[in-house]
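Below: the structure, in structure tokens.
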Protein chains: 2
Amino acid sequence: MNIVSRPGRLGTPCLACPLRLKPAFRDKTDDEIRFIQTMKVDHRFMRAGGDIIHPGQEDAELYTLYSGWAFRYKSLPDGRRQILNFLLPGDLVGLQASLLSAAEHGIEALTDVELCVFPRRRLWDLFERMPTLAYEVAWLGSREECMIDDNLTSVGQRSAGERLAALIISLYHRVDALGLVANDSFAFPLSQQQLADALGLSLVHTSKTWSRLRREGLFALSGGRLTLLNPRLTARMAAAYEQITAPRPLI
Amino acid sequence: MNIVSRPGRLGTPCLACPLRLKPAFRDKTDDEIRFIQTMKVDHRFMRAGGDIIHPGQEDAELYTLYSGWAFRYKSLPDGRRQILNFLLPGDLVGLQASLLSAAEHGIEALTDVELCVFPRRRLWDLFERMPTLAYEVAWLGSREECMIDDNLTSVGQRSAGERLAALIISLYHRVDALGLVANDSFAFPLSQQQLADALGLSLVHTSKTWSRLRREGLFALSGGRLTLLNPRLTARMAAAYEQITAPRPLI
DNA sequence: CGACCTCTTGATCAAGTTCAACTTGGGTGG
DNA sequence: CCACCCAAGTTGAACTTGATCAAGAGGTCG
């Protein structure tokens with residue numbers, strides 16, 4: 001359940017990071033990669049369910065999600081909790097917590113994850129010495145905000161069925177951009193409780209809606225993989241005309 | 001309804017900007033202010049209801065809200081619309097739209113508004129030449145994301161009454177940070193339709209809940225000003241223990 | 001095997017939506 | 001100055017979506 005780090009071993013060197021090959025990532029200069037490499041102080045493993053950043057934490061580091069899924073969430077004092085967004089490989093983890101002095105949210109590992117660790121204090125060095133990377137960090141922050149905008153619109157305006165469809169479509173596109181979709185199907189590790197918390201629905205209602213959509217032939221779930229049987233219909237059902245999530249880390 | 005700009009007149013020089021005196025703003029060096037001044041290319045006026053940025057716009061500029069209120073929103077194809085967050089004087093307007101290539105949302109003037117205009121293309125100069133300001137821009141972006149996190153949590157988890165109370169408290173704190181609260185009362189320009197769109201509720205239910213809270217003595221509205229009669233109770237009713245909005249644009 | 005966790009399904013209930021009619025107040029034009 | 005109009009807000013009644021309560025199925029792990 002806790003962070004395991006292996007001092008002395010920093011995992012793959014950044015130059016050879018497999019994520020760089022994915023369609024979603026911008027080419028970087030050798031200088032940039034070298035700088036990233038010197039910023040990276042650790043490579044950690046964490047089990048599903050572990051706290052990457054806990055709510056209120058003041059010294060949270062900045063991470064990059066190397067593998068696995070995570071989510072940001074926010075809890076009310078009485079225990080209700082809202083999942084704000086999901087984090088996939090390559091996403092920046094804890095930027096908000098690094099910039100603001102305390103984390104206003106928590107971040108939890110949804111599956112087993114690997115994280116690259118960058119000390120938050122060096123974020124300032126990056127702004128001072130590597131403006132292209134700083135710009136890209138800001139870009140990633142805006143992209144995350146954009147996804148939250150979408151979720152807020154879903155939760156505020158869409159019906160239960162529409163919300164589910166919209167979430168699935170959006171995850172589908174993000175996973176696809178990482179090259180991890182095969183035959184319209186991809187690994188889908190969310191429990192129904194987590195779906196419910198993300199969509200602002202009760203567990204029971206989520207379950208009923210979920211099986212209704214399956215019955216209607218939108219998608220199927222087996223062996224932890226979700227298959228989109230009718231992407232077109234699903235998108236229409238979500239009452240959404242595509243948001244970005246597409247790669248475009250430009251200047 | 002449209003933008004009025006007065007070429008040749010850039011409004012107050014940045015050095016003398018009244019916003020700098022507000023408690024919420026970080027001291028800046030003369031260099032920084034000079035840089036901001038050279039970036040500022042215009043000062044515009046716009047009437048309530050005008051589009052500052054329309055959805056999908058690809059060449060949106062970056063603005064600073066000099067006076068008045070605005071809001072960011074997102075619409076679904078069938079007309080439903082979600083207000084994402086409100087913008088108050090001093091807030092950056094259109095950062096997301098400047099960083100990503102197209103605006104995924106719209107921004108509308110809620111009251112008559114004055115805007116300082118900065119060409120989006122120069123945002124990169126700022127990252128290259130003024131890292132402290134770039135860092136502050138990123139900080140402002142994170143702060144905005146944090147507010148949206150809150151709204152999402154509200155809309156996803158809180159009841160109608162709680163949502164209203166939470167929104168009012170949060171606006172109260174933000175307006176207070178600008179020094180614009182007097183006797184627990186402040187200018188409150190939102191229509192009930194706008195409240196409804198922000199909270200993910202129907203107009204009718206918003207009206208009923210709103211008058212219930214007034215009847216219960218939480219606050220009063222007269223002459224376009226809202227008075228918080230019982231801030232303590234309102235905060236408790238919101239089922240929230242304070243989020244940040246507090247100023248702390250530090251490094 | 002039993003304890004536990006996740007998911008499923010039915011029954012009942014309540015929060016919020018929708019429809020519709022009516023009030024209020026400000027603004028305009030005759 | 002009054003008549004009218006329109007936008008914003010209010011209120012009641014019927015209806016629907018989604019919440020809550022409850023019981024049970026299936027799977028996993030010690």
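The values are calculated or read from the model by the stated rules, or taken from the named source; none is laboratory data. Here the structure is a predicted model, which is why all the values come from computation and not from measurement. Glycine gets a Cβ as well: all are built from the backbone with ideal geometry, and neighbour counts include every protein chain shown. With ligands, DNA and RNA removed, areas are computed over all heavy atoms of the protein, side chains included. Shrake-Rupley method; radii C 1.70, N 1.55, O 1.52, S 1.80 Å.
For segment B:112-121, the Karplus equation 6.51 cos²θ - 1.76 cosθ + 1.60, evaluated at θ = phi - 60°, returns couplings of 4, 9, 10, 10, 8, 10, 10, x, 4, 5 Hz by residue, with Gly and Pro reported as x.
Summing Lys and Arg as +1 and Asp and Glu as -1 over all other residues whose Cβ lies under 10 Å from the Cβ of B:Q157 gives a net charge of +2. The value of relative contact order for segment B:4-150, using C-alpha pairs under 8 Å at least six residues apart, is 28 percent.
Distances between equivalent label points of B:R34 across the copies, with each point positioned 7 Å along Cα→Cβ, amount to 3.3 nm, shortest listed first.
What accessible area per residue, rounded to a whole number of Å², is obtained for chain B using a probe radius of 1.4 Å? Please list the in-between numbers first.
Working: 10420 Å² over 251 residues.
Here the per-residue accessible area is 42 Å².
Can you show me the helix-derived [θ] at 222 nm for the protein assembly as shown, built from DSSP H runs with n ≥ 4 at -39,500 (n - 2.57) apiece and divided by the number of residues, rounded to the nearest 500. Helix-only estimate at 222 nm: -12000 deg cm²/dmol. For segment B:201-213, 3J(HN,Hα) computed residue by residue from phi via the Karplus equation (6.51, -1.76, 1.60; θ = phi - 60°) reads 10, 6, 4, 4, 5, 4, 4, 5, 5, 4, 6, 4, 4 Hz, glycine and proline entered as x. A point 7 Å from Cα along Cα→Cβ stands in for A:P23, and the other copies hold the same point at 5.1 nm, listed in rising order. The 3J(HN,Hα) values that the Karplus relation (6.51, -1.76, 1.60; θ = phi - 60°) gives for segment A:129-145 are, in residue order, 9, 10, x, 5, 5, 4, 4, 5, 4, 4, 4, 4, x, 5, 5, 5, 4 Hz. Gly and Pro appear as x. Does the protein assembly as shown come out rounded, prolate or oblate, given a ≥ b ≥ c as the square roots of the eigenvalues of its C-alpha gyration tensor, rounded meaning a/c under 1.5 and, failing that, prolate meaning a/b above b/c? Cα axes put the protein assembly as shown in the oblate bin. Cα centroid separation, segment B:13-57 to segment B:104-168: 14 Å. Annotation: aspartates and glutamates with alpha-carbon distance below 17 angstrom to A:K208 (same-chain offsets under eight excluded): A:E162, A:D197, A:E216.
If DNA, RNA and ligands are ignored and the probe is 1.4 Å, what is the ranking of A:H173, B:H105 by accessible area, most exposed first?
Details: A:H173 65, B:H105 0 Å².
Sorted by accessible area, descending: A:H173, B:H105.
Each Cα pair under 8 Å and six or more residues apart adds its sequence gap; the mean of these over the residue count of chain B is a relative contact order of 20 percent.
Based on the alpha carbons, how large is the Rg to Rh ratio for segment B:158-237 when Rh follows Kirkwood? List each step's numbers first, then the result.
Working: Rg = 11.7 Å, Rh = 12.6 Å.
Ratio of gyration radius to Kirkwood radius for segment B:158-237: 0.93.
Cross-link partners of B:K28 among lysines, defined as those whose alpha carbon lies under 23 angstrom from its own and excluding same-chain residues fewer than eight positions apart: B:K40.
Among residues other than A:L126 with Cβ under 14 Å from its Cβ, the summed charge is 0 (Lys and Arg +1, Asp and Glu -1). Computed in the context of the full set of protein chains, the accessible area of the protein assembly as shown at 1.4 Å probe radius has 52% of its extent on carbon or sulfur.
Neighbours of B:L229 by Cβ distance under 13 Å: Lys/Arg scored +1, Asp/Glu scored -1, total +2.
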